[in-house]
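Scroll down for the structure; my scribbles are underneath it.
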There are 2 protein chains.
Amino acid sequence: MHFTSSSGRSGLLVALDWGTSSLRAYLLADGGRIVDRRAESWGILQLPDRDFGAALERITSDWSREHGALQALASGMIGSAQGWVEAAYVDLPAGVAALARGLAPVPDTRLRIVPGVAQRGDFPDVMRGEETQLVGALTSAPDLADAVVVLPGTHSKWVRLAAGLVSGFTTFMTGELFAVLRTHSILGRLAPAGAVDASDPDGFERGVLAAQRSSVGLSSLLFSARASVLVGDLPAGSSLEYLSGLLIGDELRAGLSTEGRPAALIGDPALCARYRVALELLGISAVRILDDTAPAGIWAIAEHASIISQREPGSSRNPVSGRSN
Amino acid sequence: MHFTSSSGRSGLLVALDWGTSSLRAYLLADGGRIVDRRAESWGILQLPDRDFGAALERITSDWSREHGALQALASGMIGSAQGWVEAAYVDLPAGVAALARGLAPVPDTRLRIVPGVAQRGDFPDVMRGEETQLVGALTSAPDLADAVVVLPGTHSKWVRLAAGLVSGFTTFMTGELFAVLRTHSILGRLAPAGAVDASDPDGFERGVLAAQRSSVGLSSLLFSARASVLVGDLPAGSSLEYLSGLLIGDELRAGLSTEGRPAALIGDPALCARYRVALELLGISAVRILDDTAPAGIWAIAEHASIISQREPGSSRNPVSGRSN
C-alpha cells in the first residue's frame, strides 16, 4: 500500500468517473483544479476482457510518465459487483464523511473506489456515481444542502438532501426505457428511417403534456405514441420526440408529487436542458444546471480521507470546474 | 371476385388469425365448427419477402385440394399498413355489423380482412384482432355484452362493451415491455443464466403487491426490481417473476381504477391464469377465462357479411369451440 507515500509529495490526484459505458479521467491539482483530462469508451461493460488495470494504466500513462505514480480515486459502476472491486453500499443518510470512510482499495494499485449509497426499507433503491456528483455540486452550490436535486440519465435520480447528506431518493428508468424502446420495441419502428434524430419541440412538448394529463400510467401512455400516429394525430417523424416527452413528463409528474420541486439539475447539459424545457412547460422555471461535478466530488472525498493534503487555511478558491447556469 | 359463387356451395370457410408473429388457420363448417386447423410462424413480420399469397396458399393447400377454392376471412395485423391490404379502422362504437361492413377484399383472392377499431379523441387507441376475439366471445358468452373484458398479451387491452359493441378501450404495453426489458435492459441481466424460466410464485406475488402499494409509477417501480436484488431483499433468480408481477400489477392497478372490474379474460390460457392469480391477490375472484375465440368471431362476421350462409332458423348449436373455465 503506497497511499500516503506519494500523496503529499505531488499534491496531484487522478479522479476517475468510471461508469457502465465510459471512463473519464481527470488530473487534479491544488483545490481540485482540473489540470488535464482524458475520456475513453472503456466503461465496465465495454471491456470484454475485464482488464481494468490495463485500462487505468493506459488512460493515465502520460500523467505517470510526467509525475510518477499517483494516487487515484474512482466513482461509479467500477465499484459494483460487475466492476473491479465491489465497494459496499453506504446507508442513508450519507455524505462526504461516510463515503470517505467507505472507500474500497483495489489491491496492488494506488486506486480506491467510492462506495454507492443504498436506501433500504419498503422502497429499496441504489445509486453509484451520483453520490460523488452530489458531493461535488455542494462544493460550488452549498445552498443545495437542503434541497431536491435531479440527476437525469440512464437511471434518473431524484435526491432529497438534508444538511448536506443524501436523506432519500427515487430512481426512474427514463433514459434506459427510451433507449430500449427506441431500438427494440414497436415504438421505434414508427419513425421513418432518416427522421430518427430529427428534433421536434412540438412532439416533445405534446408528450410532456400528455403525460401530465393522463391518469392511466406509463404502460398505457407509451402505446399512445403508436396509436396517435396510426389515427393521424401525430406525424410519424415526431414519434420519438413524443416518446421522449412522455417518459420525461411521466418522471416529472411522479417526482414532483413524491419528492417535490427540484432546485437543480446535475448532468449532461443537453439532457438537463431538455428536462428544463419540460419543467418550464409545467410552470417551474429558473432551475439551475450543474455539469461535470464528479471531479470536485472526488477531490472532496479524497481530502476527507486524507489521501491528498487538506486545503490551506484561508484558501477560498472554488474547486469546481463545472459550469453552472 | 368470386365471393358468392363458392360460398353457398361448400358451406365451408377458412378463418385466419394472422398476427405479427404467427398465422393460425382454421377450416370452419356449419355454425363455425372447427373441422381442421394449422399453425405456422408466418406472422407478418416473419415473412421477409412479404409473400402473403404464398403463405396463404401453402397453409390452406390440403383444404383446397379436398374442397376446391374456399372463401377466407382474416383478422389481425395482416390488415395493418405493414400487412397485405390495409383495412381502415372502424370507429367506436363498433360491433359485428360495422366490422362486416368494413371488410377489405384482397384483390385477386378469395380473402377479405376484418378491420381494426380506432378510438379517437384525447386518448387515441387502436386494436386489430381483438375486435374479432370479442365478437367470438359474445357468441358463447352473451352476458359479456355489457361488461369490461381484458385481453392480456403483447399489447394488453381493457375493453368496455355496451349492448354488444366496443364502446371504449385502453391498451397497456405489458407483454412487450416484459419481453424488451428481459432481453435488452439491465433488468434481464439480474437473473442467473439457467434461472430465467424458473417459475417463482412468491416473486410474482411480491411484484403484484409492490405495484399496488407504490404511488410513484412504473418507471421507478421497474428499477426496484434491480435495487431489491442489490440490497439483498429479493433473490436474483426471482427477479424476472418479480418484474412480471410489477408489470401485470401496474396494469391491474391502472385498469381497475379507470375501466373497472373485468368480467372475463380472453386469450392464451397460461397468460390469463397469471392475470387471474394477480386479480385474486387483489381480492377479485371468479373471473372467467375464454380461449381461442377468434374463429367464432370470424364465422359471425362472415355470416353478417353473407359470405357464408346464415345459420338455419331453429339451430341452437353453440358455434364456439373455445373452452371456457
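The values are calculated or read from the model by the stated rules, or taken from the named source; none is laboratory data. Quick caveat, the model's predicted, so the values are computed rather than measured. Positions of Cβ are backbone-derived with ideal geometry, glycine not excepted, and every protein chain shown enters the neighbour counts. These area figures cover heavy atoms from the full protein model, side chains too; ligands, DNA and RNA do not enter into them. Shrake-Rupley method; radii C 1.70, N 1.55, O 1.52, S 1.80 Å.
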Item to check | Using alpha carbons only: equivalent-ellipsoid semi-axes of segment B:148-193, gyration tensor based, whole Å | outcome: 33, 8, 6
Item to check | Position B:SER22, label points 7 Å along Cα→Cβ, spacing to each other copy in nm (shortest first, one decimal) | outcome: 4.4
Checklist entry - Is the shape of segment A:235-291 rounded, prolate or oblate, going by the alpha carbon gyration tensor and its root eigenvalues a ≥ b ≥ c, with a/c under 1.5 for rounded and a/b larger than b/c for prolate? => result oblate
Checklist entry - Ordered by residue, what ³J(HN,Hα) values in Hz, to whole numbers, does segment B:50-63 give under the Karplus form 6.51 cos²θ - 1.76 cosθ + 1.60, where θ = phi - 60° and Gly and Pro are x? => result 6, 8, 5, x, 5, 4, 5, 4, 6, 6, 10, 4, 4, 6
Checklist entry - Cα axis of helix B:201-213 to longest principal axis of chain B: angle in degrees, 0 to 90, nearest 10? => result 80 degrees
Checklist outcome for this item: One can check that the equivalent ellipsoid of the protein assembly as shown, built from the alpha-carbon gyration tensor with semi-axes equal to the square roots of five times its eigenvalues, has lengths in Å, largest first, of 57, 23, 22
Checklist entry - For segment A:214-316, what are the per-bin percents of Cα-Cα distances with bins 10 Å wide, up to the bin holding the maximum? => result 12, 30, 25, 17, 9, 5, 1
Checklist entry - At 222 nm, what helix-only mean residue ellipticity would chain B give, in deg cm²/dmol to the nearest 500, using -39500 (n - 2.57) for each DSSP H run of four or more? => result -11500 deg cm²/dmol
Item to check | Inter-copy spacing of A:GLY68 label points, which lie 7 Å from Cα along Cα→Cβ, given in nm from shortest upward | outcome: 10.0
Checklist outcome for this item: Long-range amide H partners of A:VAL35, meaning residues 5 or more apart or on another chain whose placed amide H is closer than 5 Å, are A:LEU27, A:LEU28, A:ALA29
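Among the DSSP beta bridges whose two residues both lie in chain B, what percent are antiparallel, rounded to the nearest 5? Write down the numbers at each step before the final one.
Numbers: 31 of 45 bridges.
Here the share of antiparallel DSSP bridges comes out near 70 percent.
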Item to check | Residues along segment B:249-286 losing 10 Å² or more of accessible surface when the other protein chains are present rather than the chain by itself (probe 1.4 Å) | outcome: B:ASP250, B:ARG253, B:ALA254, B:THR258
Checklist entry - From the backbone phi of segment A:106-119, what are the Karplus-calculated ³J(HN,Hα) couplings (6.51 cos²θ - 1.76 cosθ + 1.60, θ = phi - 60°) in whole Hz, Gly and Pro given as x? => result 9, x, 6, 9, 9, 9, 10, 10, 6, x, x, 10, 10, 9
Item to check | Using alpha-carbon coordinates, inclination of helix A:294-304 to the longest axis of chain A, degrees | outcome: 40 degrees
Checklist outcome for this item: Relative contact order of chain B (C-alpha contacts under 8 Å, at least 6 apart) in percent is 19 percent
Checklist entry - What translational D, rounded to a whole number of µm²/s, comes out for chain B from Stokes-Einstein when the hydrodynamic radius is the Kirkwood one over Cα pairs, at 20 °C and 1.002 mPa s? => result 103 µm²/s
Next on the checklist: Between A:GLY153, A:GLY232, A:GLY31, where does the largest GNM mean-square fluctuation fall for chain A, given springs only between Cα atoms within less than 10 Å?
Outcome noted: A:GLY232
Item to check | Amide H partners (placed H, <5 Å) of B:ILE289, local residues excluded | outcome: B:LEU265, B:ASN325
Checklist outcome for this item: Checking A:GLY245, A:GLY19, A:GLY175 against a Gaussian network model of chain A (alpha-carbon springs below 10 Å), the top fluctuating residue turns out to be A:GLY175
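I'd like to check one number: the per residue accessible area of chain A, probe 1.4 Å, reported in Å² as a whole number.
Computed with neighbouring chains in place, this is 39 Å² per residue.
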Checklist entry - Residues with beta-carbon under 15 Å from that of B:LEU103, excluding B:LEU103: net charge, scoring Lys, Arg +1 and Asp, Glu -1? => result +1
Checklist entry - What are the ³J(HN,Hα) values, in whole Hz, obtained from phi via the Karplus relation 6.51 cos²θ - 1.76 cosθ + 1.60 with θ = phi - 60°, for each residue of segment B:136-149 in sequence order, with x given for Gly and Pro? => result x, 4, 5, 5, 9, 9, x, 5, 7, 4, 10, 7, 9, 10
Checklist outcome for this item: Between the Cα axis of helix B:239-258 and the main Cα principal axis of chain B, the angle (0 to 90°, nearest 10) is 70 degrees
Next on the checklist: How large is the Rg to Rh ratio of segment A:98-253 when both quantities use alpha carbon positions and Rh follows Kirkwood?
Outcome noted: 1.09
Next on the checklist: Let me spell out the model: positive unit charges on the Cβ of Lys and Arg, negative unit charges on the Cβ of Asp and Glu, origin at the Cα centre of the protein assembly as shown. What dipole size does that give, in debye rounded to 20?
Outcome noted: 120 debye
Checklist outcome for this item: Shortest first and in nm, the label-point separations between B:GLY53 and its counterparts in the other identical copies (7 Å out along Cα→Cβ) come to 6.7
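In Å, what Kirkwood hydrodynamic radius results for segment A:1-143 from the alpha-carbon pair distances?
Working: mean 1/r = 0.0638 Å⁻¹.
After inverting the pairwise mean of 1/r, the radius is 15.7 Å.
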Next on the checklist: Just to be sure I understand: with springs between alpha-carbon atoms less than 10 Å apart, which residue in A:GLU205, A:GLU130, A:GLU176 has the highest mean-square fluctuation in the Gaussian network model of chain A?
Outcome noted: A:GLU176
